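S.K.: Take this structure first; my questions come after.
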Amino acid sequence: MFDLLPDRLPWFIGGPILGLLIVGLFVLANQPLGASGAYVQTSGLFRRQAGVVKWRVWYFVGLFVGGLLVTRVLREDAGVRSGYDALREVFPLGVTIPLVLGGAILLGYGAALAGGCTSGHGMCGTAQRSPASLAVTATFMATAILTTFILRVATGGAL
Amino acid sequence: MSNTTKLNVIGLIFGAMFGGVLGAMNLHEYDTIHAMLRLDEPDIFLFMASAIVVSAPLLWLLERNGFTTPLGGELRLSRSKPEAHHIKGGALFGIGWAIAGTCPAPALVMFSSGAMLSLIAIPGIFIGLHLRERQQRGVGHSGDGEHRDLVTLSK
């Protein structure tokens, strides 16, 4: 809407801000900023499970709200679109949808099995110097880079 | 204000700030994550590394000095040993991450930015988490990352 932000914040500004957010949540509440846990609690809320950690549901809502403020209010709004530009250039929608769905199911299952995702292990776990988080992070970085390479070869360099 | 309410407000604010940073870094775009994993540009690796460089020493100092948090007791960091499920889960997560070009937090920002294929990705993540949850039965607190036993709040 207002076009106040650059197309992408420089990493040396965004990174330290994220670092301070990680520290901030530990300082206030002794909790990691993990996002998969927020999904688990939100789905628990909808399924009326007992013992739902409510603040993680608010955290889930907050992610949406913060994203909305930055991408549609503070920055020029890209509007309603499909997203996945690079993938859509290579594949028709009939291939893109099952790819995205399959990838998302895999990453959700993997995050639950590992006990966390890019934020919980990759950021907050490594910041705590946890050997388990370092192992998870090294593993997912390696398989993600390898998978991307395989996709690139399989599409003849198009992706 | 009860501690539970305070924690809810903190959750909303920290979620919004985190979502805002992810949006400002364009991490809600498939193209950003794909370019990172293609090793075309180092920016997102540097973004993650600089966040850790800032947070790790501060957390270490706070823990060493026995800092007591207002809502969660004494600050204690988790340092679990790697087990097989970490490696298996991490491996599957990485493959899915590369194919879907998003992960749990950026997927929500993707939705708020108006990218409609997030309506495929977000339910997919829920399904994946749920499939694992069904195997485990009743472990309701997975997914937070490294996490000491859940903090019990005084109401």
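S.K.: Got at least one residue in region A:9-27 being touching a strand residue (DSSP E or B) at 6+ places or on another chain (Cβ under 8 Å) and within 17 Å of B:Gly72 (Cα to Cα)? Spell out how you get there, then give the answer.
M.R.: Step one: list which residues in region A:9-27 are touching a strand residue (DSSP E or B) at 6+ places or on another chain (Cβ under 8 Å), which gives A:26-27.
Now narrow it down to the ones that are within 17 Å of B:Gly72 (Cα to Cα): A:26-27.
Within region A:9-27 (the criterion being touching a strand residue (DSSP E or B) at 6+ places or on another chain (Cβ under 8 Å) and within 17 Å of B:Gly72 (Cα to Cα)), the answer is yes, since at least one residue qualifies.
S.K.: Taking the criterion of being in contact with a helix residue (DSSP H, G or I) (Cβ under 7 Å, 6 or more places away or on another chain), in contact (Cβ under 8 Å) with a residue 12 or more places away in the chain and part of a helix (DSSP H, G or I), would at least one residue in region A:1-8 satisfy it?
M.R.: Of region A:1-8, the ones in contact with a helix residue (DSSP H, G or I) (Cβ under 7 Å, 6 or more places away or on another chain) are A:1-2, A:4-5.
From what's left, in contact (Cβ under 8 Å) with a residue 12 or more places away in the chain: A:1-2, A:4-5.
With the extra rule that they be part of a helix (DSSP H, G or I), the set shrinks to none.
No, region A:1-8 contains no residue that is in contact with a helix residue (DSSP H, G or I) (Cβ under 7 Å, 6 or more places away or on another chain), in contact (Cβ under 8 Å) with a residue 12 or more places away in the chain and part of a helix (DSSP H, G or I).
S.K.: Right, next: Just give me the residues in region B:1-23 being at pLDDT 95 or above, more than 16 Å from A:Ser119 (Cβ to Cβ) and touching a Pro at 6+ places or on another chain (Cβ under 9 Å), in sequence order.
M.R.: Matches in region B:1-23: B:Lys6 only.
S.K.: How many residues are free of Cβ contacts under 8 Å to residues at least 24 places away in the same chain and basic (Lys, Arg) when one looks only at region B:57-113?
M.R.: Adding up the residues that qualify gives 3.
S.K.: Of everything in region B:9-44, what is in contact with a Ser or Thr (Cβ under 9 Å, 6 or more places away or on another chain), closer than 17 Å to B:Ala107 by Cα and either of a type in the set (D, E, K, R) or in a loop (DSSP other than H, G, I, E, B) (or both)? Give them in sequence order.
M.R.: B:Met25, B:Asn26, B:Leu27, B:His28, B:Glu29 - these are the residues of region B:9-44 that are in contact with a Ser or Thr (Cβ under 9 Å, 6 or more places away or on another chain), closer than 17 Å to B:Ala107 by Cα and either of a type in the set (D, E, K, R) or in a loop (DSSP other than H, G, I, E, B) (or both).
S.K.: Restricting attention to region A:25-33, does a residue exist that is in contact (Cβ under 8 Å) with a residue 24 or more places away in the chain and more than 7 Å from chain B (Cβ to nearest Cβ)?
M.R.: Looking for residues that are in contact (Cβ under 8 Å) with a residue 24 or more places away in the chain and more than 7 Å from chain B (Cβ to nearest Cβ), one finds none in region A:25-33, hence no.
The values are calculated or read from the model by the stated rules, or taken from the named source; none is laboratory data. All figures in this text were calculated on a predicted structure; none of them were measured in a lab. Virtual Cβ from ideal backbone geometry, glycine too; neighbours counted across all protein chains shown.
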